[in-house]
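One structure below.
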Amino acid sequence: MVIRLQDIELQAYHGVFPEEREKGNIFRVNISLETADTLGTTTDQIDDTVNYQMLYDIVQQQMRVPSNLLEHVAGRIRDAILTAFPNCKLTVAVSKKNPPLGGAVAWATVELTN
């Protein structure tokens, strides 16, 4: 079973430059969590599956902690999710809107898979 939270959009304050830390930016986070546990498909009970709210709360909490690098943010999100749901395959992607690269770039994305 694969559970995805797609395009979680949050204002956050990540970046190397001081203005990124002051003004902030729009970030998107995508989570794809694969698990062999499908008990919730038959029991219809939230305790028998991966709780989407827990995933969202982890993302929100980690995005509140300013970091220089998207890699660091993605790593913290990955580690926190794997602590809560240790027996899963996980992909975490963190994207920054209009990164300050001196040219037109819609998004910069870092993706981690365990």
*Does the range 49-58 contain at least one residue that is at pLDDT 95 or above and aromatic (Phe, Trp, Tyr)?*
yes
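Within the range 29-49, track down each residue that is touching a Leu at 6+ places or on another chain (Cβ under 6 Å) and charged (D, E, K, R).
Let us first name the residues in the range 29-49 that are touching a Leu at 6+ places or on another chain (Cβ under 6 Å), namely 31, 33, 48.
Within the range 29-49, just Asp48 meets the criteria.
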_Residue pairs, Cβ under 6 Å, 6 or more apart or interchain, first in the range 2-18 and over 14 Å from Gln61 (Cα atoms), second of a type outside the set (A, V, I, L, M). List them._
Val2/Glu34; Arg4/Ser32; Gln6/Asn30; Asp7/Arg28; Val16/Asn68
*Mind listing whichever residues of the range 1-24 are touching a Pro at 6+ places or on another chain (Cβ under 8 Å) and either surrounded by 12 or more Cβ atoms within 10 Å (Cβ to Cβ) or over 21 Å from Leu101 (Cα atoms) (or both)?*
Ala12, Tyr13, His14, Gly15, Glu20, Arg21
*Specify the residue that is surrounded by the most Cβ atoms within 10 Å (Cβ to Cβ); the eligible residues are those in the range 74-108 that are of a type in the set (Val, Ile, Thr) and in contact (Cβ under 8 Å) with a residue 60 or more places away in the chain.*
Val94
*Among the numbered criteria (1) free of Cβ contacts under 8 Å to residues at least 12 places away in the same chain; (2) surrounded by 15 or more Cβ atoms within 10 Å (Cβ to Cβ), which single criterion is violated by Gln45?*
(2)
*Can you confirm whether the range 32-42 contains a residue that is under 14 Å from the mean Cα position of the chain (by Cα) and crowded, with 17+ Cβ neighbours inside 10 Å?*
yes
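The values are calculated or read from the model by the stated rules, or taken from the named source; none is laboratory data. If you're wondering where the values come from, they're calculated on a predicted model, not measured in any experiment. Methodologically, a virtual Cβ is constructed for each residue, glycine included, from the backbone with ideal geometry; neighbour enumeration extends over all protein chains shown.
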